[in-house]
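What follows is a short report on a single structure.
No lab work stands behind these numbers, since they all come straight from the coordinates. Predicted model only: the values in this text are computed from it and were never measured. Please note: Cβ atoms are built from the backbone with ideal geometry, for glycine as well, and neighbour counts cover all protein chains shown.
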Amino acid sequence: MCNLYSITTNQAAIIALFRVVNRYVGNLAPMHGVFPDYPAPVVRNTDTGRELSMMRWGMPPPPRTGGPSVTNIRNTSSPHWRGWLKPENRCLVPFNSFAEYAPGPNPETKKKDVVWFALSDDRPLTAFAGIWTTFNGDRGTKSKPVPGPHQVYGFSRQRRTRWSNRSIRKTCR
């Protein structure tokens with residue numbers, strides 16, 4: 001799954017589509033390249049209503065494996081992820097397009113090209129299903145760590161992510 005996406009739709013469109021009540025993102029400039037550990041807008045339900053807030057992309061890794069943050073959660077049956085699959089940790093991550101590497105190298109450059117995908121050529125606003133949490137450790141680079149706490153999110157890759165559509169959108173009616 002992707003480790004690069006873009007969100008170029010303005011804040012008003014995000015608020016209208018997801019019926020956001022509260023917003024905590026300041027001025028939201030177009031983000032043509034969102035990479036792991038970058039802050040990006042996320043829609044989540046709270047006690048005071050649906051909110052749009054900025055979070056860092058990447059969930060804490062399982063403690064036994066360690067390593068970098070996890071951007072795409074594949075094995076939701078793992079005990080590490082189970083606690084975050086509850087409705088209060090579900091979110092939607094707005095995007096307009098995402099990128100994947102081409103399956104084979106470009107004959108001219110001998111490197112894999114980055115290929116962008118969207119729902120259609122006009123790149124309408126849509127969302128990934130995700131989960132979020134508060135992470136109290138350091139983020140950023142080893143040379144410039146940023147101490148926590150941090151609000152973080154990751155994409156859920158399971159087919160069961162239809163829950164996100166129901167649990168986030170059920171209050172839209």
Given unit charges at Cβ for Lys, Arg (+) and Asp, Glu (-), the dipole magnitude of the range 1-108 about its Cα centre in debye, nearest 20, is 420 debye
Of every Cα-Cα pair in the chain, the percentage lying beyond 27 Å is 27 percent
Fewest-first ordering of 92, 17 by Cβ atoms within 10 Å yields 17, 92
Ranked from fewest to most other Cβ atoms within 10 Å of their own Cβ, 119, 85 fall in the order 119, 85
Of all DSSP beta bridges with both partners in the chain, the antiparallel percent, nearest 5, is 85 percent
Cross-link reach from residue 111 to aspartates and glutamates, straight Cα distance under 18 Å and at least 8 residues apart if same chain, gives 100
From fewest to most C-beta neighbours within 10 Å, the residues 100, 108 line up as 108, 100
